[in-house]
Every structure is written in structure tokens, then in C-alpha cells.
């Protein structure tokens with residue numbers, strides 16, 4: 001059962017299935033909470049699975065001080081007595097996983113990043129989408145939670161109308177509009193991706209927004225031996241294509257264990 005757990009200065013809702021072996025840690029994106037892994041988790045077999053809500057997401061209380069995704073993950077591994085983990089992250093969660101893999105390689109057995117750029121990536125001009133950015137800026141300025149939620153569902157989730165998914169996205173959008181997500185930017189590890197030696201898979205959704213495709217592809221090209229996987233979906237492959245995504249995760253873990 002998920003339980004609130006003291007992790008540094010924060011209380012995080014943590015789910016830990018228990019078990020032997022190197023665990024798999026699932027890191028949610030910035031537009032949902034850790035429930036987004038519900039479809040994928042059962043497909044990973046009997047492995048120990050750990051997932052948690054970052055401060056202000058899902059069942060974790062909002063933070064009163066700045067949060068640091070990579071540092072918080074490192075502290076959580078210490079709290080749970082986990083020496084090494086297979087990291088699987090989506091979007092912001094994937095960026096945290098990549099940073100962890102660079103900065104604390106002794107704690108990472110493999111890394112699977114879904115629709116994720118690396119912190120510090122020098123975005124090229126072709127990543128810009130002026131029309132989309134203008135629409136987003138207008139919605140932000142209006143502090144329109146409902147319209148922003150619809151925007152995120154359209155751009156990142158193929159226009160999915162599932163109330164379960166919308167409830168998650170609306171909650172994270174409310175956190176954003178309230179300026180209550182105190183997360184600091186991910187560490188700039190782009191220039192150090194060539195130091196990674198563990199197996200890495202970068203998953204790109206071919207129906208995702210342009211910047212995500214460009215950022216994920218660039219990271220795969222920069223990491224030695226990384227596998228680049230294209231899936232016919234948008235920004236949430238673990239939710240919309242769980243079987244295909246689980247196959248990538250298990251293949252990456254297999255590379256680490258062979």
C-alpha cells in the first residue's frame with residue numbers, strides 16, 4: 001500500500017511492492033502523478049517496483065521549500081535502502097532519470113526515458129512552434145485551469161477524454177497555475193551524456209509535440225550505445241501503449257542483467 005514517507009524535507013506518497021533483486025523505479029511526468037504507471041506496472045512481472053508522487057503531485061503534500069528531482073530521488077533510494085535501481089521515467093521523470101544516471105552512476109543499473117530531453121539541452125530553432133507557444137502563453141496568462149487541461153490533453157495525450165486521466169492533468173495544472181510546484185530546473189547534464197555506461201533506451205512518441213521528439217532523439221544520439229525507439233503515440237506511451245513500452249523497459253533491464 002502507498003504510504004507517506006519522509007524524504008528529506010518532504011513527505012512523499014511512496015508505493016513499494018517489496019521483493020528481491022534490483023528494483024525498478026518509475027518516475028512520473030510533470031503533467032500527471034504516479035498513477036500514470038497503472039497500466040504498465042503489471043507488465044513488468046514480479047520485479048520490485050517503486051513509484052512515488054513528487055511534492056504537490058497526487059497524494060504528496062505541496063512543498064514549502066524548493067524541490068530537487070534528482071536529489072530527492074537519491075534521498076528516497078537511501079531511505080528505502082536501495083543501492084542501485086533500474087530507472088524508468090516519462091518526460092520530467094525521464095529528465096530526472098538521465099540526470100541521476102550521469103551524476104550518480106553507481107546508483108543506476110539502467111535507464112529508460114520516455115519522451116524526455118536531457119537537462120541543459122541547447123534547443124535548436126526548429127524545436128520552436130510559435131503558434132503552439134502563443135496559445136500556451138495566452139492560457140497561462142489567463143490562469144484558465146480548465147482550458148490549460150484541455151490543451152495538455154490535446155497536445156500530449158492524443159485528445160484523450162478519459163475522466164481518470166483528465167483528473168490527474170487538472171490537478172497538476174492547478175499546481176502549475178497556483179505557482180506551487182517549487183521544483184528547480186533539472187541539472188544541466190547534456191554535455192556529460194557521453195559519460196553514461198549503463199544500458200539506456202530513449203523512447204520517442206512520433207505523435208508527440210515537436211520539441212519532445214527533437215530532444216529525445218538528440219539525447220539518444222549523444223549517449224553511447226543508447227537504443228532509440230519510435231512508438232506511434234504522443235507523450236504518455238506508458239499509458240497509451242503499455243505493452244510496447246513495457247517491452248522496451250524489459251529489454252533495457254535485460255541488457256543490464258546479461
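Find how much the distance from residue 43 to residue 20 grows on full extension, using 0.36 nm per residue of separation minus their present alpha carbon separation; answer in nm with one decimal.
6.5 nm
What ranking, highest mean first, results for peptides 118-128, 84-94, 133-143, 29-39 when packing means the other Cβ atoms within 10 Å averaged over each residue?
Packing order, densest peptide first, comes out as 84-94, 29-39, 118-128, 133-143.
Let's test the formula: R0 of 41 Å, r as the Cβ-Cβ distance of residue 132 and residue 81. What FRET efficiency results, to the nearest 0.05?
For R0 = 41 Å, the calculated efficiency reads 0.40.
If the chain between residue 62 and residue 11 were fully stretched, how many nm would it gain, using 0.36 nm times the residue separation less the Cα-Cα distance?
Taking residue 62 through residue 11 to full extension adds about 17.5 nm, to one decimal.
Return one quarter of the surface area of the convex hull spanned by the alpha-carbon atoms of the chain, equal to its mean projected area, in nm².
In nm², the orientation-averaged hull projection of the chain is 12.6.
If you wrap the range 158-258's Cα atoms in a convex hull and average its projection over all directions, what's the area in nm²?
Taking the Cα atoms of the range 158-258, their convex hull projects to 8.0 nm² on average.
For the range 127-177, calculate the relative contact order in percent as a whole number, restricting contacts to Cα pairs under 8 Å that are 6 or more residues apart.
Across the range 127-177, relative contact order equals 36 percent.
Using Cβ contacts closer than 10 Å as the measure, can you line up 110, 95 from fewest to most?
Going from sparsest to densest Cβ surroundings: 110, 95.
Compare the peptides 45-52, 61-68 by average per-residue count of other Cβ atoms within 10 angstrom and give them in order, highest first.
Ranked by mean Cβ neighbours within 10 Å, highest first: 45-52, 61-68.
Over the Cα atoms of the range 127-177, what radius of gyration and what Dmax do you get, in Å?
Gyration radius and largest Cα-Cα distance of the range 127-177: 10.9, 31 Å.
What percent does the relative contact order of the range 45-178 come to when contacts are Cα pairs within less than 8 Å and at least six residues apart? Before the final figure, lay out the partial values.
Details: 115 pairs, mean separation 23.8, N = 134.
Relative contact order here is 18 percent.
Let me have the relative contact order for the chain, percent, based on Cα pairs under 8 Å that are six or more residues apart.
22 percent
Since every read-out is calculated from the coordinates, none of them should be taken as a lab result. Bear in mind that the values here come from a model prediction, so they are computed numbers and not experimental data. Heads up, the Cβs are rebuilt from the backbone with ideal geometry, glycines too, and the neighbour counts pull from every protein chain shown.
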